[in-house]
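Engineer: Sending over a structure as structure tokens; questions will come in a sec.
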Amino acid sequence: MESEILSQLRLLKIYAAAMTVVFAVLCLTALAPSTHKQKFGEIDAERINIVDANGSPQLIISNKDRFPEPVANGRELKGMRSVRPAGLVFYDAKGNEAGGLATFQMEKGKNSLIAFDYATAEAIGFSRFESDECAQNRLSMARDTPIPAHTSDSGVLVGAVGSSPRLTLA
């Protein structure tokens with residue numbers, strides 16, 4: 001009887017040692033970095049951050065609920081967006097917002113915008129506003145840049161409105 005118990009105990013020790021080795025191998029292979037790229041047919045996400053090697057954002061793609069706050073001079077400007085669009089935002093090498101593509105719904109209609117910002121707080125952008133009553137395209141350029149007002153042969157009104165130059169395609 002005693003030799004049978006010793007035999008079973010020896011078998012149990014071998015089994016425990018083998019399971020410990022298997023568990024260690026599984027843990028080490030699970031934690032090892034993958035060397036191949038993953039490929040997806042479709043991804044559902046609320047926000048995707050594309051970052052450089054240092055973790056600084058280069059591009060953010062987001063829905064309206066997770067759209068980032070503007071960043072200027074390395075500081076996030078909380079509450080400075082007048083609307084919460086969905087779209088994407090480009091960042092410069094210093095992490096400042098450098099432009100983007102956005103679309104958002106307002107009470108009066110839908111607005112789509114493409115903008116490119118400059119370090120001097122100037123920007124150039126193209127926007128399209130659509131509602132039940134009208135559709136309007138607008139090209140906004142850097143403030144205080146004089147543009148003479150005139151109507152081209154194709155019916156395009158070009159001119160400055162206040163201190164903000166505009167190109168309006170009616």
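The values are calculated or read from the model by the stated rules, or taken from the named source; none is laboratory data. Keep in mind the model is a prediction, meaning the values are calculated, not measured. Here Cβ is always computed from backbone atoms with ideal geometry, including for glycine, and neighbour counts include all displayed protein chains.
Engineer: On the basis of being at pLDDT 85 or above and of a type in the set (S, T, N, Q), does residue 62 make the cut?
Structural biologist: Answer is yes for this residue.
Engineer: I need every pair where a residue in the range 106-132 that is among the β-branched types (Val, Ile, Thr) has its Cβ under 6 Å from the Cβ of a residue that is surrounded by 13 or more Cβ atoms within 10 Å (Cβ to Cβ) and modelled with pLDDT of 80 or more, sequence separation at least 6 or different chains.
Structural biologist: So the pair list comes out as 114/101; 124/116.
Engineer: Between residues in the range 54-69 that are within 11 Å of residue 90 (Cβ to Cβ) and residues that are in a strand (DSSP E or B) and basic (Lys, Arg), which pairs lie under 9 Å by C-beta distance while being six or more apart or on different chains?
Structural biologist: Correct list of pairs: 60/47; 61/47.
Engineer: Let me ask something additional. Where residues in the range 21-53 are surrounded by 10 or more Cβ atoms within 10 Å (Cβ to Cβ), at pLDDT 90 or above and not aliphatic (A, V, I, L, M), which of them is farthest from residue 90 (Cα to Cα)?
Structural biologist: 23
Engineer: Quick test of your reading of the structure: residue 78 fulfils all but one of (1) among the charged types (D, E, K, R); (2) under 16 Å from the mean Cα position of the chain (by Cα); (3) at pLDDT 85 or above. Name the failing condition by number.
Structural biologist: (2)
Engineer: Could you say which residue among 29, 20, 35 is of a type outside the set (A, V, I, L, M, F, W, C) and assigned to a loop (DSSP other than H, G, I, E, B)?
Structural biologist: One residue alone meets the criteria, 35.
Engineer: Let me ask another. Look through 50, 43 and report the one residue that is at negative phi and outside any loop (DSSP other than H, G, I, E, B).
Structural biologist: Residue meeting the stated conditions: 50.
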